[in-house]
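The values are calculated or read from the model by the stated rules, or taken from the named source; none is laboratory data. Here the structure is a predicted model, which is why all the values come from computation and not from measurement. Here Cβ is always computed from backbone atoms with ideal geometry, including for glycine, and neighbour counts include all displayed protein chains.
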Amino acid sequence: MKVMYYRKVLAWAVAFLIAFSAVGVVSAKMKVNNENEQGRSLQSIEPLNLAVLIQDDLVPQVGNELGVTRDFIRSLPEGSRVMVGYITTGTLQVRQPFTTDLEKAAKSLRIPVASRTSSAFNPYVEVIEALKKFEDGGTNANALLLISDGLDTSRGFDSTAAGFTLDIQRAISEANKRHVSVFSFYAPSVGLTSHSRLASSYGQSSLNRLSNETGGRAFFQGTTGFVTFDSYFSRLREALNRQYARVR
């Protein structure tokens, strides 16, 4: 009986070790896959002309996302041109004009002011201004990444303004005329969208319309709190890889 008992114990021990080893192998593979995913670049796509616009009155947590934003710019394929600008107090502040020096463009990012004194009131006027900086001709595809709460309060705040203001329509028309796809990340500002779900939903509706009608995509998760940009950039890479895949 004792011999049979010890054999059973030994068998259980061996089975446990095999299972534990298998888990370790799977975990190691998952870790490698995650590291590969995080380090994946966009070398499989055609070079882009990309304008990155950041609304200056977004919540302070957006400043923590500069690292992943810089990494995204650095991951663009060789030959890409990048412009970095901030939408602040009703003006467009260009920190870096279009350049092929991706490192220089990445380093031009700064922490948003995160104050109501820098409120945009209407980010779409500055989007139109940025769109006009895309040059005609050239072989690169054109894209704009707008990081904003999307809310236009310049002509009041009501349901009829959600996604259908005059300046949103003008931005859509300008983007389509210049063949620029607008991608957008939603983040709340220190104003209305940081404490009003209704304002957040209006802003997201506006971003969604701008992106959908220009061939881009809008990324947001819920109407409260702040979500890091990691998942946004992961999905943006997927969208760009599908949309601008290099012809082989």
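Check every one of the strands (runs of 3 or more DSSP E) wholly within the range 39-134 and list those with 2 or more residues that are under 15 Å from the mean Cα position of the chain (by Cα) and in the same structural domain as Ser205 (by TED's automatic domain parsing).
It comes to 48-55, 81-88.
Quick grid of which residues meet (1) out of contact with any Ser or Thr (no Cβ under 9 Å at 6 or more places or on another chain); (2) surrounded by fewer than 22 Cβ atoms within 10 Å (Cβ to Cβ); (3) hydroxyl-bearing (Ser, Thr, Tyr):
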{"position": "Asp149", "(1), (2), (3)": "no, no, no"}
{"position": "Ile168", "(1), (2), (3)": "no, no, no"}
{"position": "Arg178", "(1), (2), (3)": "yes, yes, no"}
{"position": "Leu198", "(1), (2), (3)": "no, yes, no"}
{"position": "Gly215", "(1), (2), (3)": "no, yes, no"}
{"position": "Gly222", "(1), (2), (3)": "no, yes, no"}
{"position": "Asp230", "(1), (2), (3)": "yes, yes, no"}
{"position": "Arg237", "(1), (2), (3)": "no, yes, no"}
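Exactly one of (1) within 11 Å of the chain's Cα centre (by Cα); (2) assigned to a helix (DSSP H, G or I); (3) over 16 Å from Gln55 (Cβ atoms) is unmet by Thr228. Its number?
(2)
If I go through the range 152-205 residue by residue, how many of them are in a helix (DSSP H, G or I) and either without any contact (Cβ under 8 Å) to a residue 60 or more places away in the chain or outside the structural domain of Ile87 (by TED's automatic domain parsing) (or both)?
Total meeting the criteria: 26.
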